[in-house]
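Once you've had a glance at the structure underneath, I'll fire off some questions.
Read-outs: derived from the displayed coordinates by stated rules, not from any lab. Here the structure is a predicted model, which is why all the values come from computation and not from measurement. Every residue, glycine among them, receives a Cβ derived from its backbone with ideal geometry; neighbour counts consider all protein chains shown.
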């Protein structure tokens with residue numbers, strides 16, 4: 001299917017003609033040529049042709065003929081690989097210790113998330129969905145912070161224990177707080193992009209980067225967000241992870257057209273489809289997408305084709321809607337991690353020993369961070385009522401705090417279940433007892 | 001000064017004061033706004049700060065929220081709050097909750113404004129009052145102003161507020177003129193969000209109202225005065241935070257409470273005020289049942305005669321006030 005690469009540009013029109021061929025001129029106030037052909041066009045084409053997928057590495061990690069390997073040096077490439085390896089290791093642990101929790105996991109999307117993160121400037125504003133922990137890790141959000149957020153302890157500076165696990169946020173890392181309702185971040189990204197354009201310090205330097213899945217692209221917010229970013233032009237980079245499934249709904253039921261990329265041109269947005277299991281392709285494509293985005297001050301869309309090897313979340317058993325064998329096959333073929341590893345090995349940037357060492361190190365670092373986080377207490381109890389409003393606190397919050405104080409004074413020191421519960425908070429809720 | 005001019009002045013003054021304030025929405029720039037509230041702003045501030053958007057409420061409300069999260073202070077105009085339902089997730093889930101969810105790291109200083117409630121002859125889908133909807137959300141501030149002074153002082157305060165503020169105007173009041181005090185003409189005139197105003201003092205019955213119902217309530221108080229009944233009229237101004245103290249203080253004096261609103265009766269502003277009064281010490285001061293005077297519990301009809309029957313008017317308020325005083329049935 002890749003033999004068409006370079007020969008055919010992504011195009012929704014079935015026929016190619018130059019304007020001069022149209023002898024009847026153009027529609028007034030438009031470049032639309034007048035035609036007498038009664039012809040329809042569609043992203044679903046009679047010949048089955050689809051938008052091409054940009055790729056650099058083949059399935060065994062070697063650059064394919066004619067491809068451009070993005071500029072990377074050894075230490076950068078190793079950081080890519082280590083961050084990629086960190087994600088599944090982290091997932092496995094969180095998955096096993098939080099079987100009942102809502103920890104998403106990421107197998108199969110490491111390349112898209114890490115490769116794109118590596119292509120961004122560290123000050124680009126990221127609005128994620130909830131599979132983009134790799135962006136934070138790439139930017140230096142440490143394991144302790146990850147664990148603290150997932151467990152909601154007193155070091156969870158991102159949310160003070162108020163958000164569901166993996167709903168990170170860190171202004172310091174230019175990473176916006178995750179919002180659970182799907183796709184709300186898409187029009188917001190257009191607003192963040194607009195704010196960047198308005199800021200003389202950041203105009204032409206930073207962009208807003210918005211991640212979402214192909215399922216989220218069915219939401220009205222997707223269409224509204226793309227429309228807004230194109231009509232009120234802003235440097236907003238949309239990265240859609242098309243992993244084939246929106247929880248259990250296969251993408252064939254999510255859309256009939258040619259993926260999400262087919263929609264970009266409808267909004268006048270520069271668009272590219274990339275092999276999401278090829279980290280170098282993602283890196284190269286997102287670097288170029290970002291360059292256009294920042295330079296032109298206009299939105300760009302990248303559709304990254306991946307395959308979610310894991311379940312959607314811990315509350316999902318994906319073997320109910322797809323074959324175990326299919327998943328096993330995909331784990332082996334085009335595995336994003338092994339492709340990069342083979343590439344690194346071919347450049348003598350990686351060895352078996354280093355692989356063994358890395359696996360052991362990551363596992364131990366993660367376990368240490370987890371154990372540490374597990375033993376940390378929660379935020380102070382009074383934080384239940386703070387940050388509802390900035391500025392002066394309305395009476396209703398004060399009243400609720402006072403009411404809890406009364407109850408704690410009455411039962412908090414004598415009733416066993418409350419005494420025990422109090423101990424889990426920093427300061428044991430003493431701020432209510434004095 | 002008309003309510004429209006007061007709103008326009010408030011926006012202009014705040015845009016002059018703070019570069020990060022901008023106004024956006026459908027037709028706010030070249031067309032000067034569907035109700036001309038943003039008249040002349042495009043000429044004064046240019047298209048970078050007065051932004052026409054495509055017709056997608058979820059889209060431009062989302063853009064406003066994003067811009068606010070990124071440090072700007074957007075004023076997002078809805079042509080009517082009836083259409084803002086298409087954007088309510090952005091207002092409630094993102095605008096209203098992000099500050100809390102982000103551990104106090106990320107404020108969202110956005111103003112959502114536009115006409116709310118019934119206008120005239122625009123039927124069910126354009127005639128709804130959203131005070132109760134937004135008023136139930138912790139994290140949002142909700143304002144329902146009445147006079148030009150209210151509009152100026154409260155809108156300026158809303159724009160400066162670090163929180164998302166839902167600013168519910170009334171189409172029928174846009175063209176109404178109110179006297180403005182010297183103080184209210186100043187470009188630093190702010191009214192505190194969360195404080196009601198006693199528009200008329202009285203000792204016999206408390207009438208609480210907001211928005212256009214303040215007009216009817218004051219008319220009713222005037223009519224009652226002719227029968228020697230001294231009604232106290234409270235202009236609520238803010239729905240959230242609700243100034244229950246001012247209402248309670250009045251009830252302690254009058255021992256009678258009626259609440260007038262243009263919304264539906266169920267789970268409404270009146271219901272909330274009634275609950276808060278009877279749940280607390282206010283209960284002991286009541287000499288008559290609290291009554292809510294509200295819109296009819298039906299989707300608003302188009303036909304003028306039916307529409308008129310669907311909303312409280314002055315005679316109805318007079319009647320209910322007298323009922324509270326056991327002067328009528």
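Between residue A:47 and residue A:357, what is 0.36 nm times their sequence separation minus the Cα-Cα distance? Round to one decimal in nm.
Numbers: separation 310, 0.36 × 310 = 111.60 nm, distance 5.00 nm.
Length difference between fully extended and current span is 106.6 nm.
Also, I was wondering about something else. Which value at 222 nm does chain A reach when only helices count, each DSSP H run of 4 or more adding -39,500 (n - 2.57), with the total divided by all residues and rounded to the nearest 500 deg cm²/dmol?
On the way: 13 runs with 164 residues, N = 434.
Taking each H run of at least 4 residues, the total per residue is -12000 deg cm²/dmol.
Would you give the gap between the C-alpha center of segment A:366-432 and the C-alpha center of segment B:78-155, rounded to a whole Å?
31 Å
On the first, second and third principal axes, largest extent first, how far apart are the outermost C-alpha atoms of chain B in Å?
The Cα atoms of chain B stretch 59, 44, 41 Å along the principal axes, largest first.
Then there's this: Using a Förster distance of 51 angstrom, determine the FRET efficiency expected from the C-beta separation of residue A:78 and residue B:245, and round it to 0.05. Don't skip to the answer; put the middle values down first.
Numbers: r = 64 Å, r/R0 = 1.25.
With R0 = 51 Å, the Cβ-Cβ based efficiency is 0.20.
Please report, largest first and rounded to whole Å, the three semi-axes of the ellipsoid equivalent to segment B:57-112, where each semi-axis is the square root of five times an eigenvalue of the C-alpha gyration tensor. Walk me through the numbers on the way to the answer.
Numbers: eigenvalues 74, 27, 11 Å².
Whole-Å semi-axes of the equivalent ellipsoid: 19, 12, 8.
For Cα pairs less than 8 Å apart in space and 6+ apart in sequence, what is the mean separation divided by the residue count of chain A, i.e. the relative contact order in percent?
Working: 737 pairs, mean separation 83.0, N = 434.
Answer for chain A is 19 percent.
Please identify which residues in segment B:73-106 have an amide N closer than 18 Å to a label point set 7 Å out from the Cα of residue B:267, following the Cα→Cβ vector.
Zone members listed by number: B:82, B:84-93.
Provide A:32, A:252, B:147 in ascending order of the number of other Cβ atoms located within 10 Å of each residue's Cβ, fewest first. Please list the in-between numbers first.
Numbers: A:32 11, A:252 8, B:147 25.
Neighbour counts put them in this order, fewest first: A:252, A:32, B:147.
In 20 Å bins starting at zero, report the fraction of Cα pairs in chain A per bin as a rounded %.
23, 51, 21, 4, 0
Once you have the Cα-Cα distance between residue A:71 and residue A:92, take 0.36 nm times their residue separation minus that, and quote the gain in nm to one decimal.
Numbers: separation 21, 0.36 × 21 = 7.56 nm, distance 3.18 nm.
Result: 4.4 nm gained on full extension.
Let me ask something else about it. Please work out whether segment B:197-324 counts as rounded, prolate or oblate from its C-alpha gyration tensor, where a ≥ b ≥ c are the square roots of the eigenvalues and a/c under 1.5 means rounded, while otherwise a/b larger than b/c means prolate and anything else oblate? Don't jump to the answer; show the numbers that get you there.
Working: a/c = 1.80, a/b = 1.30, b/c = 1.38.
The shape class here is oblate.
Please identify, among B:183, B:77, B:12, the residue showing maximal mean-square fluctuation in a Gaussian network model of chain B using a 10 angstrom Cα cutoff.
Of the options given, B:183 has the highest mean-square fluctuation.
For segment B:50-170, what mean projected area does the convex hull of the alpha carbons give, in nm²?
7.3 nm²
Using Cα pairs under 8 angstrom and six or more residues apart, how large is the relative contact order of segment B:197-324, in percent?
Details: 236 pairs, mean separation 36.3, N = 128.
The value is 28 percent.
Along the Cα→Cβ direction, 7 angstrom out, place labels at residue B:283 and residue A:418. What is the inter-label distance in nm?
2.2 nm
Kindly express, to the nearest 10 degrees and within the range 0 to 90, the angle between helix A:336-346's C-alpha long axis and the longest C-alpha principal axis of chain A.
70 degrees
Write down the Å³ per residue value for the convex hull defined by the alpha carbon atoms of the protein assembly as shown. Show your work: numbers first, answer last.
Values: hull volume 151.2 nm³, N = 763.
Here the figure is 198 Å³ per residue.
I'd like the FRET efficiency for residue B:303 and residue B:136, computed as 1/(1 + (r/R0)^6) with the beta carbon distance as r and R0 of 45 Å, rounded to 0.05.
Details: r = 31 Å, r/R0 = 0.70.
My answer for the efficiency is 0.90.
So for chain B, averaging the separation of alpha carbon pairs under 8 Å that are six or more residues apart and normalising by length, what relative contact order in percent results? Mind showing how you got there, number by number?
Values: 739 pairs, mean separation 50.7, N = 329.
Computed over chain B, the figure is 15 percent.
Averaged over B:88-99, how many beta carbons belonging to a partner chain fall within 10 Å of each residue's beta carbon?
On the way: counts 0, 8, 8, 0, 1, 4, 7, 1, 1, 6, 5, 5.
So the per-residue partner count for this stretch is 4.
Looking at the P(r) of segment B:144-270, how many percent of alpha-carbon pairs lie beyond 19 Å? Can you show the working numbers first?
On the way: 3961 of 8001 pairs.
Summing the P(r) of segment B:144-270 above 19 Å gives 50 percent of all pairs.
So for the pair residue A:64, residue B:316, with labels modelled 7 Å out along Cα→Cβ, what separation do we get in nm?
Roughly 7.0 nm, to one decimal.
Let me ask another. Sort B:139-146, B:14-21 for me by packing, meaning the mean count of neighbouring Cβ atoms within 10 Å per residue, highest on top.
Values: B:139-146: 27.4, B:14-21: 16.2.
The densest-packed peptide leads the list: B:139-146, B:14-21.
Still on this model: Can you give the angle from 0 to 90° between the axis of helix B:244-254 and the longest principal axis of chain B, with both taken from C-alpha atoms, to the nearest 10?
Rounded to the nearest ten degrees, it is 20.
Treat segment A:170-209 as a sphere of radius equal to its Kirkwood radius over Cα pairs and apply Stokes-Einstein at 4 °C in a medium of 1.567 mPa s; give the translational diffusion coefficient in µm²/s, rounded to a whole number. Provide the component values of the computation, followed by the final result.
Details: Rh = 11.0 Å.
The estimated diffusion coefficient comes to 118 µm²/s.
Can you tell me the order of A:201-208, B:127-134, B:263-270 when each peptide is scored by its average per-residue count of other Cβ atoms within 10 angstrom, highest first?
Details: A:201-208: 18.8, B:127-134: 23.8, B:263-270: 20.2.
Result, highest mean Cβ count within 10 Å first: B:127-134, B:263-270, A:201-208.
Same structure, new question: With viscosity set to 1.306 mPa s and temperature to 10 °C, compute the Stokes-Einstein D of segment A:381-432, Rh being the Kirkwood radius across alpha carbon pairs; µm²/s, no decimals. Don't skip to the end; give the middle numbers.
On the way: Rh = 11.7 Å.
Here the translational diffusion coefficient equals 136 µm²/s.
Another question about this same structure. When the label point is put 7 Å from the Cα of residue B:230 along its Cα-to-beta-carbon vector, which residues of segment B:237-251 have a backbone N closer than 15 Å?
Under cut-off, by backbone N: B:250-251.
Once label points are set 7 Å from the Cα along Cα→Cβ at both residue B:31 and residue B:17, what is their separation, rounded to one decimal in nm?
3.0 nm
Computed over the Cα atoms, what is the radius of gyration of segment A:32-184 divided by 2.2 N^0.38 Å, N being its residue count?
Details: Rg = 20.3 Å, N = 153, 2.2 N^0.38 = 14.9 Å.
Against the empirical 2.2 N^0.38 Å value, I get 1.36 for segment A:32-184.
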